[in-house]
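First the structure, in the form of structure tokens, and then the observations on it.
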Amino acid sequence: MLKTFPKGGVHPKENKFSAGKKIETLPLPKQVIVPVSQQIGAPSTPVVAVNDMVKTGQVIAKAEGFVSANIHAPVSGKVTKIDFFTDSSGYKRKAIMIDTEGDEWADGINRDPSLQKDCSLSPEEIIKKINEAGLVGLGGATFPTHVKLSVPKGKTAEYLLINAVECEPYLTSDHQLMMEKADEIMVGTSILMKALSVSKAMIGIENNKPDAIELFTRKAKEYKGIEVYALRVQYPQGGEKQLIKAILNREVPSGGLPIDVGCVVQNVGTAFAVYEAVQKNKPLIERVVTVTGKSVKSPSNFLARIGTPVSQLIEAAGGVPEDTAKIVNGGPMMGKAINTTDVPVTKGTSGILIFRDSEASRKEMQNCIRCAKCVSVCPMGLTPFMQMAVVERALWDEAEKYHILDCIECGSCSYTCPASRPLLDYIRLGKQTVNKIIRARKA
Amino acid sequence: MTNRLLTVSMSPHVHSGNSVNKIMYGVVIAMLPALAVSLFYFGLGALQMTLIAVASCLLFEWLIQKYLLKGKTSITDGSALVTGILLAFNVPSSLPWWMMVIGSLVAIGVAKMSFGGLGNNPFNPALVGRVFLLISFPVEMTSWPKPIINNLVLVDAQTGATPLALIKEGLKNGEPLGDLMNKIPDIWHLFLGEMGGSLGEVSALALLIGGIYMLMKKIITWHIPFSVLGSVALFTGILHIIEPNAYADPGFHLLAGGIMLGAIFMATDMVTSPMTPLGQIIFGTGIGVITVLIRVFGAYPEGVSFAILIMNAFVPLIDKACKPKRFGEVKKNG
């Protein structure tokens with residue numbers, strides 16, 4: 001029996017058109033726009049000025065406080081603007097614009113592709129390096145990696161879990177990275193284990209990637225303490241809490257964090273970035289992005305510099321198809337729709353999805369027929385129909401009592417609702433308002 | 001980049017493709033075997049009754065939405081069609097047509113639309129219509145045409161009692177159960193449906209086929225039908241063991257009367273049943289127990305409709321009591 005989480009979940013069509021496509025390195029963009037807020041937490045503070053010349057990998061914005069991350073120049077060239085630009089959220093946010101000139105790298109970055117296995121650094125030194133390299137969770141949540149690695153007092157990490165599930169349909173960036181950089185990911189995992197002082201790491205891979213499971217099971221024999229788990233294809237298998245439950249049968253308490261059950265979860269892409277940061281001194285200036293969609297000419301996996309305009313990625317995949325009606329930054333279940341392709345790739349961009357006319361809009365909402373499908377698919381054991389009903393009526397106290405804050409926003413409820421009710425839209429609104437009320441209560 | 005506007009909406013950006021219409025038409029397909037059996041045994045009268053019920057349910061829903069609520073009409077969603085067929089399933093095929101029209105008005109107008117339409121009604125509309133007819137027209141609602149194969153007459157003059165009524169009357173008159181059981185069709189005929197009764201309830205076989213179809217299509221789950229039938233079997237089984245001469249056996253109770261129709265098609269109505277598996281089992285068991293209480297100890301020979309309506313009233317309470325187990329609902333550091 002394949003491991004899986006016990007409750008709820010859906011199985012959308014996988015549509016992994018770009019599976020098996022070699023990662024192509026995109027040509028350097030002529031110009032990059034690098035937002036200073038690419039992570040969860042405080043926006044970083046620019047430390048360069050307009051007309052400054054920067055080298056690739058040089059810090060251009062410093063982390064602001066603990067929960068934040070450094071941002072580095074993804075290309076070399078001249079800072080031409082520090083201003084507010086529309087980012088993928090649709091809002092204007094502060095960003096640094098650099099016009100590319102040449103390809104000059106900052107000192108100390110090792111660009112030699114040979115595998116460097118050994119790492120003699122102490123946990124503190126590793127975390128410091130990861131912090132300096134501006135690493136954030138590359139699965140899409142963009143939580144600063146060093147924060148997750150700094151285990152709070154009174155808690156102990158027992159296991160490191162590597163999230164290589166890639167349960168979002170369409171996306172293949174993690175899968176392809178695993179096929180091409182398996183050793184680097186294993187070394188990165190070992191380094192993360194060292195940073196956390198744990199002796200065991202588990203890599204969870206969904207069963208629709210048998211080649212990756214086979215490869216990593218083989219590789220795992222060479223690395224101490226790393227095990228590979230094949231997981232059932234069931235969305236949201238890659239949800240942090242679901243993954244821990246599936247592999248270790250431990251349940252993160254409501255309102256708690258993985259560390260409450262002795263776990264730290266890192267995305268497989270992050271493990272690769274950790275390898276590059278620690279072993280090669282290479283900060284996070286590029287990432288793998290899947291560009292795909294049913295009418296995309298050549299669905300691809302690109303290695304793109306942060307700040308590359310999304311339009312350039314789509315061009316490289318054959319251009320915007322004629323029938324395009326929606327473009328999504330991320331996966332189809334949790335990604336965000338963007339309203340222009342002039343936005344830059346950021347640290348959290350795992351995919352660019354192009355939907356046709358026929359896929360772009362929702363069906364008209366009908367009355368709830370109490371079929372309870374949303375209840376049965378909710379991986380958190382909630383009652384989405386009830387949460388929507390109380391939010392519709394602005395009953396915020398009730399919403400809190402229905403544990404609206406437990407929702408992980410996986411979207412299974414909206415996905416499955418036969419009446420096409422926008423359950424998650426209302427739940428998000430409810431979560432925001434309830435959070436505000438709780439903050440006000442504490443103040 | 002073409003200069004066309006992009007759609008922006010919140011995630012998820014994909015949908016399962018399931019719809020209310022698919023569910024409703026799935027139920028209609030599941031009812032076809034039972035409908036076919038009703039034509040087989042009760043002839044054109046059954047077809048006529050079904051068509052009248054469907055037409056009047058659709059018409060009343062459309063009229064109310066269009067002229068009373070002055071809103072959008074949604075008769076194509078299939079729910080009024082399901083109500084119409086179910087209402088026809090719950091009456092004798094010899095019922096005068098105008099009574100069926102009144103029943104449809106009560107089902108759609110009173111039980112469904114007055115609460116806000118699809119999804120908002122606390123009671124199963126078809127059953128409300130049926131019970132209204134039973135109380136208003138007790139004679140017509142309990143005159144059952146005899147099942148005759150290849151019956152092509154429209155209104156059958158030949159009527160007889162249902163097996164349940166036969167047993168109930170007989171026991172009241174002091175006849176021994178053994179003699180009474182010989183007067184009704186044997187268990188195999190009961191299973192196939194060759195007995196007097198409402199036009200859709202007679203064939204357990206046809207209803208089971210429909211139930212299996214709905215299970216396969218994931219329109220229903222096993223919890224409600226299983227708990228209804230299980231509790232009926234258990235309850236009547238206990239009674240039968242205690243006093244075999246006074247209480248009929250569970251096989252009879254499961255196959256005679258409307259319990260199959262009730263368990264598979266009426267109690268499973270999503271709108272009026274609980275949401276969680278545990279709640280559904282409590283709901284189904286309640287229906288089974290109340291049905292047997294009415295059948296064995298009550299005034300009516302049959303109690304499925306009342307049992308379901310009574311349990312419908314408890315659904316909000318059951319839902320409140322049976323919430324799903326939350327993920328992470330454990331003591332901290334537990």
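Each reported figure results from applying straightforward, stated rules to the coordinates on display, with no laboratory input. These figures come from a predicted structure and were not determined experimentally. Heads up, the Cβs are rebuilt from the backbone with ideal geometry, glycines too, and the neighbour counts pull from every protein chain shown.
Using the alpha-carbon positions of the range A:30-105, Rg (one decimal) and Dmax (whole number) come out as 11.7, 34 Å. A quarter of the convex hull surface defined by the alpha-carbon atoms of the range A:373-442 gives 4.1 nm² as the mean projection. Computed over the alpha-carbon atoms, the range A:94-214 gives an Rg to Rh ratio of 0.99, Rh here being the Kirkwood radius from the mean inverse distance. Loop-resident GluC sites (Glu not before Pro) (DSSP state other than H, G, I, E or B) in the range A:285-325 with no more than 12 further Cβ atoms inside 10 Å of their Cβ: A:Glu322.
Computed over the alpha-carbon atoms, the range A:42-153 gives an Rg to Rh ratio of 1.00, Rh here being the Kirkwood radius from the mean inverse distance.
Under 5 Å between amide hydrogens, built in the peptide plane, is the criterion, and for B:Trp144 it picks out B:Gly160 among residues at least 5 positions away or on other chains. Any idea what diffusion coefficient the protein assembly as shown gets from Stokes-Einstein, in µm²/s, Kirkwood Rh on alpha carbon pairs, 10 °C, 1.306 mPa s? This corresponds to a translational diffusion coefficient of 54 µm²/s. The chymotrypsin sites (Phe, Trp or Tyr not before Pro) of the range A:31-88 that meet both conditions, a loop assignment by DSSP and at most 16 other Cβ atoms within 10 Å of the site Cβ, are A:Phe66.
Under 5 Å from the amide H of A:Ile338 lie the amide H atoms of A:Ile327, A:Val328, A:Asn329, each residue being 5 or more positions distant or on a separate chain, with H modelled from the backbone and absent for Pro and chain starts. When only alpha carbons are used to place a centre, the range B:18-59 and the range A:286-347 end up 49 Å from one another. Dipole size of chain A about its Cα centre, with +1 on Lys/Arg Cβ and -1 on Asp/Glu Cβ: approximately 1020 debye, rounded to the nearest 20. Name the longest site-free stretch of chain B, where the excluded sites are trypsin sites (Lys or Arg not before Pro) in a DSSP loop with no more than 16 other beta-carbon atoms within 10 Å. That would be B:73-216. Please report the equivalent ellipsoid semi-axes of the range A:312-402, computed as sqrt(5 x eigenvalue) of the Cα gyration tensor, largest first, in whole Å. The equivalent ellipsoid of the range A:312-402 has semi-axes of 34, 16, 12 Å. Shown for chain A are the DSSP H helices of 18 Å or more along their axis, judged by Cα atoms, with a mean Kyte-Doolittle hydropathy of at least 0.0: A:182-196.
Taking Cα centre as origin and charging only the Cβ of basic (Lys, Arg, +1) and acidic (Asp, Glu, -1) residues, the dipole magnitude of the protein assembly as shown rounds to 1520 debye. This model, with +1 at the C-beta of Lys and Arg and -1 at the C-beta of Asp and Glu, gives the range A:311-404 a dipole about its Cα centre of some 340 debye. Karplus-derived 3J(HN,Hα) values for the range A:351-366, using 6.51 cos²θ - 1.76 cosθ + 1.60 with θ = phi - 60°, are x, 10, 10, 10, 9, 7, 3, 5, 9, 7, 10, 7, 7, 5, 6, 10 Hz; glycine and proline are entered as x.
Need the full-extension length gain, A:Asp183 to A:Lys297, defined as separation in residues times 0.36 nm minus the C-alpha distance. One decimal, nm.
37.9 nm
Compactness ratio for the range A:113-153: Cα radius of gyration over 2.2 N^0.38 Å (N = residue count) comes to 1.33.
Annotation: peptides A:101-109, A:420-428, ranked by per-residue average of other Cβ atoms within 10 Å with the highest first, follow the order A:420-428, A:101-109. For A:Ser358, A:Ser76, the sequence from fewest to most other C-beta atoms within 10 Å is A:Ser358, A:Ser76. Applying 1/(1 + (r/R0)^6) with R0 = 22 Å to the Cβ-Cβ distance of A:Lys30 and A:Ser358 gives a FRET efficiency near 0.05. Spacing of the modelled spin labels on B:Thr221 and B:Trp97, each 7 Å from Cα toward Cβ, amounts to 4.4 nm.
Tell me, what are the semi-axes, in whole angstrom and largest first, of the equivalent ellipsoid of the range A:242-373 as set by the roots of 5 times the Cα gyration tensor eigenvalues?
30, 27, 11
Note on the protein assembly as shown: antiparallel DSSP beta bridges, both residues inside, total approximately 60 percent of the bridges counted.
Put a dot 7 Å past the Cα of A:Glu125, heading toward its Cβ, do the same for A:Leu2, and the two dots end up 4.2 nm apart. Based on the reciprocal of the average 1/r between different C-alpha atoms, the Kirkwood radius for the range A:246-292 equals 13.3 Å. Derived scalar couplings between HN and Hα for the range A:33-39 equal 10, 10, x, 8, 10, 10, 10 Hz in order, rounded to whole Hz, by the Karplus curve 6.51 cos²θ - 1.76 cosθ + 1.60 (θ = phi - 60°), x for Gly and Pro.
Cross-link partners for A:Lys294 among the lysines, with Cα-Cα distance under 23 Å and sequence neighbours closer than 8 places in the same chain left out: A:Lys13, A:Lys16, A:Lys21, A:Lys22, A:Lys209, A:Lys326, A:Lys336, A:Lys363. For the range B:13-68, the fraction of alpha-carbon pairs lying more than 14 Å apart is 70 percent, rounded to a whole number. Taken over the alpha carbons of the range B:161-320 as equal point scatterers, the Debye sum produces base-10 log I(q)/I(0) values at 0.08, 0.21 Å⁻¹ of -0.22, -1.35. Each residue of the range B:230-334 gets 121 Å³ once the volume of the Cα convex hull is shared out per residue. Shape analysis of chain A based on the Cα gyration tensor places the equivalent ellipsoid semi-axes at 32, 27, 23 Å, largest first. Taking amide H positions as modeled 1.01 Å from N, with prolines and chain starts lacking one, the residues under 5 Å from A:Arg421 and 5 or more places away or on another chain are A:Gln366. By how many degrees, between 0 and 90 and to the nearest 10, does the Cα long axis of helix B:304-321 differ from the longest principal axis of chain B? Helix B:304-321 and the main axis of chain B meet at about 40 degrees. Rg then Dmax, both in Å and based on the Cα atoms of chain B: 21.5, 88. Seen from A:Met333, the other residues with C-beta closer than 10 Å to its C-beta sum to a net charge of -2, counting Lys and Arg as +1 and Asp and Glu as -1. Cysteine residues of chain A whose C-beta has no other cysteine C-beta under 4.7 angstrom: A:Cys119, A:Cys167, A:Cys263, A:Cys368, A:Cys371, A:Cys378, A:Cys407, A:Cys410, A:Cys417. Across q = 0.14, 0.16 Å⁻¹, the range B:40-128 modelled as identical point scatterers on its alpha-carbon atoms has Debye log10 I(q)/I(0) values of -0.43, -0.56, in the order of the q list. Scaled to the globular estimate 2.2 N^0.38 Å, the Cα spread of the range B:97-152, given as radius of gyration, is 1.37.
Taking only DSSP H segments of four or more residues, each worth -39500 (n - 2.57), what value at 222 nm results for chain A once the sum is divided by all its residues, to the nearest 500 deg cm²/dmol? Calculated mean residue ellipticity at 222 nm is -8000 deg cm²/dmol.
Short-range pairs are left out: with C-alpha atoms under 8 Å and at least six residues apart, the relative contact order of the range A:185-323 is 19 percent.
Pop the C-beta distance of A:Asp342 and B:Ala55 into the FRET formula with R0 = 51 Å and round what comes out to the nearest 0.05. E(calc), rounded to 0.05, equals 0.35. Take each residue of peptide A:363-370, count the partner chain Cβ atoms within 10 Å of its Cβ, and average: the result is 6.
Pairwise inverse Cα distances across the range B:86-188, averaged and inverted, put the Kirkwood hydrodynamic radius at 15.7 Å.
For Cα pairs less than 8 Å apart in space and 6+ apart in sequence, what is the mean separation divided by the residue count of chain B, i.e. the relative contact order in percent? Show your work: numbers first, answer last.
Working: 530 pairs, mean separation 59.3, N = 334.
Reported relative contact order: 18 percent.
Note on B:Lys172/B:Lys70: beta-carbon distance plugged into 1/(1 + (r/R0)^6) with R0 of 41 Å gives a FRET efficiency of 0.20.
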